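Notes for the one structure printed next.
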Amino acid sequence: MKQDSSFSKSRKLSAKAAKPMRREPQQVMSELVAQLRKQLGGERVAAPDAEQGAADWERPNLDRLTVGVDVGDKWSNYCILGLGGETLGEGQFSTQPEAVAEFFRGLAPSRVVMEVGTHSAWMREVIAGLGHEVLVANARRMHGSKRRRRKNDRIDAGRLARLGRVDPKSLYPIQHRSTEVREDLLILRAREALVESRTKLINAVRSAVKTMGARLSTSSSDAFVKKVAAEIPEEVRITLQPLLSLIASLSEEIGAYDQRIEQMCREKYIHTKLVRQVSGVGSVTSLAYVLTLETPLRFKKSRDVGPYVGLVPKQEDSGDSQPQLGISKAGDGMLRKLLVGSAHYILGPFGPDTDLRRFGLKLCERGGKNAKKRAVVAVARKLAVLLHRLWISGEVYEPLRQASSKTIAQKAAA
């Protein structure tokens, strides 16, 4: 039986849309000759792909200094290029706020280029506050990073500077979230760290008990200690008691974070109510969604959210070869994990009857290898799109909107 994929249809459509338009060589040459004549006549010719009203960062930097910075944990390398592209200076400075401010305070207004990383958010704020233009490159989307035979911090700084000077679009610059949003996101990330630690401890206890020929009953993480404490064999109970105490303590701390998150949704981020209309989306998922996207206006279409959170297939097409690959896993991993968890609930035994559930179950019926996993990912992607639509429109969620539309259409046709 031929295996089907939940992504095959979307991949074919995206491949057709991404396929370049074929043009006759004579037409291309005639346009180039016309542009050359205009240039020789002293007229300024815009690039074929130039957009009207392009932002300043999209243009080559030919009238200011360009500084490339390869950010390190303790020391950062820099490369300064002059107006003609010549190297004016190279060196290092300490990756500390005071040292960064001291270095860039002495420079004339410049374009500064760095890659996104642990320190890029606060460094961008410090450097931009001194009057410089700062571009934070998306390293995952830049080409050629894995094909170079020579790579070190000094070379990377020079490479960033030259790309930022002549071809800033190839950097795929990102925009960091505000300081307030990053601080609130830390609450969710701290909770995630505690949940992961608790899961590892629970698995360790279960594995230790199995080595003694026993087995613990199934239980939720919150009730694990109370339910299985009496089931632990007497010979290892004293040994495992410290682990049980840690699990209980972590559960209390996680509960405190949950209360704090619920309060933030209720008082500070009231618009999470729009997102929580969907069954399976709770306070943690809704707050993570709102904080990660920060504003719904950053996306022209709701469908753009799927690729943003890495829930679309990777694409490595070449000629007639179009292999089916896994999802890209781009963007925030915590939000992607929460969306997948919500999708599991929607498709699970307690999920209510909705368009999303019917869509996922229909994909499961196709069968094939990993049909359930592909259905879960597809539902998570649709969920991300739906949440953005509810957020930006303020509409009331209709769980069976598509089913109602089909029923009305069938009655009209009859």
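The values are calculated or read from the model by the stated rules, or taken from the named source; none is laboratory data. Quick caveat, the model's predicted, so the values are computed rather than measured. Here Cβ is always computed from backbone atoms with ideal geometry, including for glycine, and neighbour counts include all displayed protein chains. Surface areas here come from the heavy atoms of the whole protein model, side chains and all, with no ligands, DNA or RNA. Shrake-Rupley method; radii C 1.70, N 1.55, O 1.52, S 1.80 Å.
Is there a residue in the stretch 183-191 that is under 24 Å from the mean Cα position of the chain (by Cα), open to solvent by less than 40 Å² (accessible area, probe 1.4 Å) and among the β-branched types (Val, Ile, Thr)?
Yes - at least one qualifying residue is present in the stretch 183-191.
Being touching a Phe, Trp or Tyr at 6+ places or on another chain (Cβ under 9 Å) and in contact (Cβ under 8 Å) with a residue 60 or more places away in the chain is not true of VAL126. Find the residue count for the stretch 331-350, including only residues that are open to solvent by less than 50 Å² (accessible area, probe 1.4 Å) and basic (Lys, Arg). Number of matching residues: 1. Note on the stretch 192-214: residues that are surrounded by 11 or more Cβ atoms within 10 Å (Cβ to Cβ) and not in a helix (DSSP H, G or I) total 2. Might you check whether a residue that is open to solvent by less than 10 Å² (accessible area, probe 1.4 Å) and in contact with a Leu (Cβ under 6 Å, 6 or more places away or on another chain) occurs anywhere in the stretch 312-330? There is no residue in the stretch 312-330 that is open to solvent by less than 10 Å² (accessible area, probe 1.4 Å) and in contact with a Leu (Cβ under 6 Å, 6 or more places away or on another chain). Evaluate the stretch 351-368: report whether one residue or more is open to solvent by 80 Å² or more (accessible area, probe 1.4 Å), over 24 Å from THR285 (Cα atoms) and touching a strand residue (DSSP E or B) at 6+ places or on another chain (Cβ under 8 Å). No: the stretch 351-368 contains no residue that is open to solvent by 80 Å² or more (accessible area, probe 1.4 Å), over 24 Å from THR285 (Cα atoms) and touching a strand residue (DSSP E or B) at 6+ places or on another chain (Cβ under 8 Å).
Go through LEU244, LEU186, LEU201 for me and flag whichever is within 25 Å of LEU287 (Cβ to Cβ) and modelled with pLDDT of 95 or more.
Values: LEU244 fails: within 25 Å of LEU287 (Cβ to Cβ); LEU201 fails: within 25 Å of LEU287 (Cβ to Cβ).
Exactly one of LEU244, LEU186, LEU201 is within 25 Å of LEU287 (Cβ to Cβ) and modelled with pLDDT of 95 or more, namely LEU186.
Can you tell me which of GLU51, GLU43 is modelled with pLDDT under 65, farther than 26 Å from ALA157 by Cβ, open to solvent by 100 Å² or more (accessible area, probe 1.4 Å) and in contact with a helix residue (DSSP H, G or I) (Cβ under 8 Å, 6 or more places away or on another chain)?
Working: GLU43 fails: in contact with a helix residue (DSSP H, G or I) (Cβ under 8 Å, 6 or more places away or on another chain).
One residue alone meets the criteria, GLU51.
Within the stretch 305-353, the set of residues being acidic (Asp, Glu) and over 22 Å from ARG177 (Cβ atoms) comprises GLU316, ASP317, ASP320, ASP353.
The condition (being at pLDDT 95 or above and within 14 Å of GLY68 (Cβ to Cβ)) is satisfied by just one residue among LEU107, LEU135: LEU135.
Kindly evaluate ILE392 against the criterion of being part of a helix (DSSP H, G or I) and open to solvent by 30 Å² or more (accessible area, probe 1.4 Å). Yes: the conditions hold for ILE392. What residue, of GLY280, GLY310, is on the phi > 0 side of the Ramachandran plot and touching a residue at least 60 places away in the same chain (Cβ under 8 Å)? From the options GLY280, GLY310, the qualifying one is GLY280.
Residues in the stretch 222-272 that are open to solvent by 80 Å² or more (accessible area, probe 1.4 Å) and assigned to a loop (DSSP other than H, G, I, E, B): ASP222, LYS268, ILE270.
For the stretch 297-380, please list each of the helices (runs of 4 or more DSSP H) lying entirely inside it that holds at least 1 residues being at pLDDT 90 or above, hydroxyl-bearing (Ser, Thr, Tyr) and out of contact with any His (no Cβ under 7 Å at 6 or more places or on another chain). Spell out the reasoning first.
Values: elements: 305-308, 333-347, 355-364.
Per the criteria, 305-308, 333-347.
The one condition from (1) among the hydrophobic types (A, V, I, L, M, F, W, C); (2) within 28 Å of ILE346 (Cβ to Cβ); (3) modelled with pLDDT under 95 that VAL236 does not meet is (2).
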